[in-house]
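The values are calculated or read from the model by the stated rules, or taken from the named source; none is laboratory data. Model, not experiment: these values are computed from the prediction. Positions of Cβ are generated from backbone atoms using ideal geometry, with glycine treated the same way; all protein chains shown enter the neighbour counts. Calculation scope for accessible area: heavy atoms of the full protein, side chains included, ligands and nucleic acids excluded. Shrake-Rupley method; radii C 1.70, N 1.55, O 1.52, S 1.80 Å.
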Amino acid sequence: MDFLKDVPTPEHGFYVLVTGANSGLGLGIATRLLDEFLQTRPQSESLVLIITTRDQGKGDATIKKLEKRLREVVRRHEAKLPGIAQVLQNRVYFRQERLDLQSLVSVQKLGKRLRETTPKLDAVIFNAGIGGWTGINWLRAAWTIPTGWVSAVTWPTFKIAGVGWVTKPQLPADKKMEEPPLGEVFCANFFGHYLLGHYLAPLLAKHPKSEKTKGRIIWVSSLEAFEHVFDVKDMQGITSAMPYEVTKRLTDLMAITSTLTSTSTAVDQYLGHVQSSEKTTKPRIYVTHPGVCGTSIVPLPLILEYCMFAAFFIARLLGSQWHTVTVERGATAMVWLALASQSTLDNMEQKEGVGKWGSASDVWGQERVERTEVAGWGWGGRLGEYKRKGRDPYAKDLTKESQERFVETGRKCWEEMERLRVEWEDRLRRAGIAVDMEEN
């Protein structure tokens, strides 16, 4: 196939996929990954950064931005160590792919192409998504921000979202097949990624036992993954007034419970990988969040964008550790999870339990990774944990009962998402539009 000539497959490649990398946090993840890879990985290793965008124009523009950033990084290193420029330049490869997360066929097409052209994947970072917001309740904002600044701009209650939004039909009209609704925010933020993770699992598993690492699915969640908005009877959040927050709570539930015995059957089916072998290793699923950083996910006029950033800086000055403010700092946790050694991650989880990793910052803007409390799970799923900074003001201490509810809800979510995945794959197949994932 001629197109394979343009697909980079360097020896000792480290392959990372980032969705929604054309702007905002996704671009921040891509640029930070580029910087930290060159600083922390051995010179024998090359980064293959695969970015997804919805169209060619955005993809081309993103590649230009990343190439510019690479030149800047190389110049900085060259100034300190003359002669290193060419070495560094040859260690990074960029690749762009098309992906519309609200089209299940588009997701399948990308899964197929990557499986045919990519030798393995080391990490996939599921970042792309939409807010589904239609505006701001300015009266509520005007009251809550002055009366509780840090809380109001960390866990806001003044965003207005669309209710009942669904994707465009997935099936051709001439097929005249019954098609259940798919929530628009649900599909863009969660279900499209969920399907993609299933299709890419074989690439993530291509790590021999001797490598002592695992392919990683890294979900980008949010501080706004509120427990009270989630209803197991409406996991898609179609009838919810807070569909974005529903998808983030679903993300937390699925990722954190993915290592538990109660979900093992569904997770093994999803990953298509029951146990590791000498040639393959079962992938791991992690969950992160960027803290609070300025992006265009909430569309605002320019003057209000400046006000937003000012509000975030003030919150940080008032002691908030979650206001990373910039997308590069917001990308700290995702990039750390992608590049950290497996032994580091395993040791941290063995010591403190499975948890949600967040990007944090001190008052001077020095970024770091912090564990984040999850309602019903705590910081690591262990009773009696010590209380940490950055709690939701309405957070409740972990109890045995709340943890049992969390685990049971996670099990139900895994079973429902697997049922939904299988049903939609069958529906696309019967409509004659499904993409065959088997290699030719």
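Annotations for the structure displayed:
- For the chain, the equivalent ellipsoid built from the Cα gyration tensor has semi-axes of 30, 28, 23 Å, listed from largest to smallest.
- P(r) tail, the range 211-284: Cα-Cα pairs separated by more than 21 Å, 40% of all pairs.
- Label-point separation, LYS209 to VAL7 (7 Å along Cα→Cβ), nm: 3.0
- Average accessible surface area per residue within the range 99-431, 1.4 Å rolling probe, Å²: 44
- Cα gyration tensor shape for the range 94-170, rounded if a/c is under 1.5, else prolate or oblate: oblate
- Dipole orientation for the chain: of the candidates ALA360, ILE217, GLN43, GLN43 has the Cα lying most toward the positive pole (charges on Cβ; Lys, Arg +1; Asp, Glu -1).
- The range 99-431 - percent of accessible surface contributed by carbon and sulfur, probe 1.4 Å: 56
- Summing charges over neighbours of GLU370, with a neighbour being any other residue whose Cβ is under 12 Å away from its Cβ, gives +2 when K and R count +1 and D and E count -1.
- Once C-alpha pairs closer than 8 Å and six or more residues apart are averaged by separation and normalised to the residue number of the chain, the relative contact order reads 16 percent.
- Shape metrics for the range 287-440, restricted to C-alpha atoms - Rg then Dmax, Å: 20.0, 59
- Surrounding net charge for GLN39, when Lys and Arg each add one and Asp and Glu each subtract one, Cβ distance under 15 Å: 0
- Summed residue charge, Cβ within 15 Å of VAL150's Cβ, Lys/Arg positive, Asp/Glu negative: 0
- For the range 393-429, chymotrypsin sites (Phe, Trp or Tyr not before Pro) are listed when DSSP marks them as loop and at most 16 other Cβ atoms sit within 10 Å of their Cβ; the list is TYR394.
- Distance in nm between pseudo-label sites at ASP426 and VAL166 (7 Å out along the Cβ direction from Cα): 2.0
- Subset of LYS112/LYS282; LYS68/LYS351; LYS58/LYS233; LYS356/LYS400; LYS65/LYS279; LYS159/LYS412 violating a 31 Å alpha-carbon distance limit: LYS68/LYS351; LYS58/LYS233; LYS65/LYS279
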